[in-house]
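What follows is a set of notes on a single structure, which appears directly below.
The values are calculated or read from the model by the stated rules, or taken from the named source; none is laboratory data. Quantities reported herein were computed from a predicted structural model and do not represent experimental measurements. Here the Cβ positions follow ideal geometry from the backbone for every residue, glycine too, while neighbour counts run over all protein chains shown. Heads up: the accessible areas ignore ligands, DNA and RNA and are worked out on the full protein's heavy atoms, side chains in. Shrake-Rupley method; radii C 1.70, N 1.55, O 1.52, S 1.80 Å.
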Amino acid sequence: MPALVNYGGDDECYPGGSFYSSPMDLDGLLPTSSHVDLYFRPSKRARIGASVVFRGREFEQECKQSIDVLPDECLFEIFRHLDSARERSSCAGVSKRWLMLLSTIHKDEICKSRSTSNVRMVEESKPESDREDESNGFLTRCLEGKKATDVRLAAIAVGTSGCGGLGKLSIRGSNSTRGVTDLGLSAIANGCPSLRMLSLWNVSLVGDEGLFKIARECRLLEKLDLCHCPSISDKGLIAIAERCTNLTSLSIESCPKIGNEGLQAIGKLCSKLQTISIRDCPRVGDQGVSSLFASSSCAITKVKIQALNITDFSLAVIGHYGQAITHLTLSGLQNVSEKGFWVMGSARGLKKLTLLTIASCRGMTDVSLEAIGKGIANLKQMCIQKCCFVSDNGLTAFARAAGSLETLQLEECNRITLLGVGGALSNHIRNLKSLTLVKCMGIKDIAQEVTLPSPCTSLRSLSIQNCPGFGSASLSMVGKLCPQLQHVELIGLYGITDASMLPLLETCEELLKVNLSGCINLTDETISTLVRLHGGTLEVLNLDSCRKITDASLVAIADACLLLNELDVSKCAITDAGLAVLSSSEQINLQVLSLSGCSEVSNKSFPFLERLGKSLLGLNLKNCHSIGSGMVGMIVENLWRCDILV
């Protein structure tokens, strides 16, 4: 008869106790064979799936942890009984399986204990201003490239719930093998009801299901940005319109499945929408665009419409009903004719429009430009880019009509000449303060002598960039037309010389900011005249790539400039001697100094840079190859208050 052994019991269940204090002491009573039959008293069944094996003096028990074999349903039930966000976050760090399970739990599915419920009742009895809400949406998260995966989104959803709540989420690109999908976006929706801003760029695997979930759970969403999302269609946008009525900003770019139906829902249901940007969406046409503005409750103030297949009809609707619009950008509208722009201006509905940008539109002509000037009375900033049919006549007529205009920018408008600019600068524009000309090939020196119009005394800022025909004669004419300039930018103008700069410098009364970068024919003579006439007011001076500027200019700057705080002499012929003079000046208090590409600046400049560093906040030493790496380390160590680029 086998021995009667009370193995595995305890005194509470079996008052008699066991023969031995330790079960391991029983091996002396057992045979040496590997398997034996034992008799046990009936007891509660242990949750052990492995068999008990005795080998000699070894006692082996192969046991798999119960928690690992539990199905997801059981784990889900356990997790939803965790009251605090900290406990759930700790559990999420155990394994990816636990993390993904926790990310599927909705806040309404979390079971509250009695003590937690009592605390909640006390909190709810307080005024709203005194409550401590851990989901206010203070946190911002951004995932880019390889880091953009569903697992990371799940971790964000679980981890941010107890740390202020996620307010802004930006996803740029996606992991090539484990990219962001609807599952990851669903995790965000479950765990981040406080989400107010969502930006999705280049996420091809996210579709309508993800937006459905966001729409259901994130009712506070205010800003949505969709760029290169080929799987999102009108259905997803309609769901957002129906549920997220607080939406104030919507941007859609290169989403081929989004069309008129989605925009119609936005225009009908999102009455708080203030900013709309649509670009390169082939299914968007006149019906979608016009529906955004046709509503009487339309409050849209900022509009960008780029590369869409719309016609004159859309611009007519904008012209009539865009009464709240303050900023308007129209670009790449190849199907809009001169009539569309003319109607938009003549409708006189854009009463609050102050900033207008029109780019790459063939329908923008002299006639339409004049109509815009006459019909938009409060227009203050006008930018025309790559409109090849705008000429001097249109510019002059526009300037005569736009009485409130303060800023005018012309870029790649090759039919505009210096005569047209002169006409615009005359008394036609009484309030013009800033003029910018960029890559206008028609701007060139005039051979014959012309009668100059009256000067523009209101102009304070002049910027002429990369206009290859702009030379000495042009600069002389501009100098006489603009006597009150304070900010001057002459960038990449190879044709101007020291002699042509003299009239401009002598005419201007008080220059504050001067940018002469890329003017390779200017020498120390220009800088000497500049600081002699305006050294008492000059604050910013940029001489980048002016190769003929030497230490003599630094000597003049050190002697005459009292208020200069930014100096850029990158790629100039500056040496250690020039920096020595500059640093010895007691009146110089530079905050930003750029020496990028100054090959003659060496290790000997360390004490000079250290002296200048007492006031410097920014120092650029890129491509200063004569400064050794060890010296760079010393500079970084000693100028610890300064941001240094090396």
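Go through region 208-223 and count every residue that is open to solvent by less than 30 Å² (accessible area, probe 1.4 Å), not β-branched (V, I, T) and not in a loop (DSSP other than H, G, I, E, B).
Matching residues across region 208-223 total 4.
Checking A46 against (1) at pLDDT 75 or above; (2) small (G, A, S); (3) outside any helix (DSSP H, G or I), only one condition comes out false. Which one?
It fails just one condition, (1).
For I527, work out the one condition from (1) over 40 Å from the mean Cα position of the chain (by Cα); (2) farther than 25 Å from E411 by Cα; (3) of a type in the set (A, V, I, L, M) it doesn't fulfil.
Just one mismatch for I527, condition (1).
Looking for something exposed (fewer than 15 other Cβ atoms within 10 Å of the Cβ) and modelled with pLDDT of 90 or more - is there at least one such residue anywhere in region 156-171?
no
For region 80-100, enumerate the residues that are open to solvent by 70 Å² or more (accessible area, probe 1.4 Å), closer than 19 Å to V151 by Cα and part of a loop (DSSP other than H, G, I, E, B).
Scanning region 80-100 gives a single hit, V94.
Every residue in region 232-247 that is surrounded by fewer than 19 Cβ atoms within 10 Å (Cβ to Cβ) and assigned to a loop (DSSP other than H, G, I, E, B), please.
Those that are surrounded by fewer than 19 Cβ atoms within 10 Å (Cβ to Cβ) and assigned to a loop (DSSP other than H, G, I, E, B): T245, N246.
Give the residues of region 539-572 that are over 14 Å from T523 (Cβ atoms) and among the acidic types (D, E), sorted by residue number.
E539, D544, D559, E566, D568
For region 340-458, list the helices (runs of 4 or more DSSP H) that sit wholly inside it and hold at least 1 residues that are open to solvent by less than 40 Å² (accessible area, probe 1.4 Å), closer than 21 Å to K302 by Cα and in contact with a Phe, Trp or Tyr (Cβ under 7 Å, 6 or more places away or on another chain); which are they?
Qualifying helices (runs of 4 or more DSSP H): 366-375.
So that you can scan it fast, the table gives a plain yes or no per residue for (1) assigned to a helix (DSSP H, G or I); (2) open to solvent by 50 Å² or more (accessible area, probe 1.4 Å); (3) within 18 Å of G422 (Cβ to Cβ):
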site	(1), (2), (3)
G469	no, no, yes
L475	yes, no, yes
L490	no, no, yes
E509	no, yes, no
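Here's a check for you: in region 610-646, which residue that is part of a helix (DSSP H, G or I) and touching a residue at least 24 places away in the same chain (Cβ under 8 Å) is nearest to D568 (Cα to Cα)?
Step by step, filter region 610-646, then rank; the result is L612.
Residues in region 497-543 that are among the acidic types (D, E) and in contact with a strand residue (DSSP E or B) (Cβ under 9 Å, 6 or more places away or on another chain): how many?
So the count comes out to 2.
Find the residue count for region 385-400, including only residues that are touching an Asp or Glu at 6+ places or on another chain (Cβ under 7 Å) and either without any contact (Cβ under 8 Å) to a residue 12 or more places away in the chain or closer than 17 Å to L355 by Cβ (or both).
Total satisfying the criteria: 2.
Out of the residues in region 101-126 meeting the condition of being in a loop (DSSP other than H, G, I, E, B) and open to solvent by 50 Å² or more (accessible area, probe 1.4 Å), tell me which one is modelled with the lowest pLDDT.
Ranking the qualifying residues of region 101-126, first place goes to K126.
Of the numbered conditions (1) among the small types (G, A, S); (2) within 18 Å of E253 (Cβ to Cβ); (3) open to solvent by less than 40 Å² (accessible area, probe 1.4 Å), S204 satisfies every one except a single condition; which is it?
(3)
If you take the residues of region 614-646 that are buried (at least 20 other Cβ atoms within 10 Å of the Cβ) and over 23 Å from I549 (Cα atoms), which of them is nearest to the chain's Cα centre (by Cα)?
Filtering first and then ranking leaves C642.
Could you look through region 192-201, keep only residues that are aliphatic (A, V, I, L, M) and assigned to a strand (DSSP E or B), and pick out the one that is most open to solvent (accessible area, probe 1.4 Å)?
M197
How about region 183-205: which of its residues are closer than 14 Å to P230 by Cβ and touching a Leu at 6+ places or on another chain (Cβ under 8 Å)?
Answer for region 183-205, where residues must be closer than 14 Å to P230 by Cβ and touching a Leu at 6+ places or on another chain (Cβ under 8 Å): just L200.
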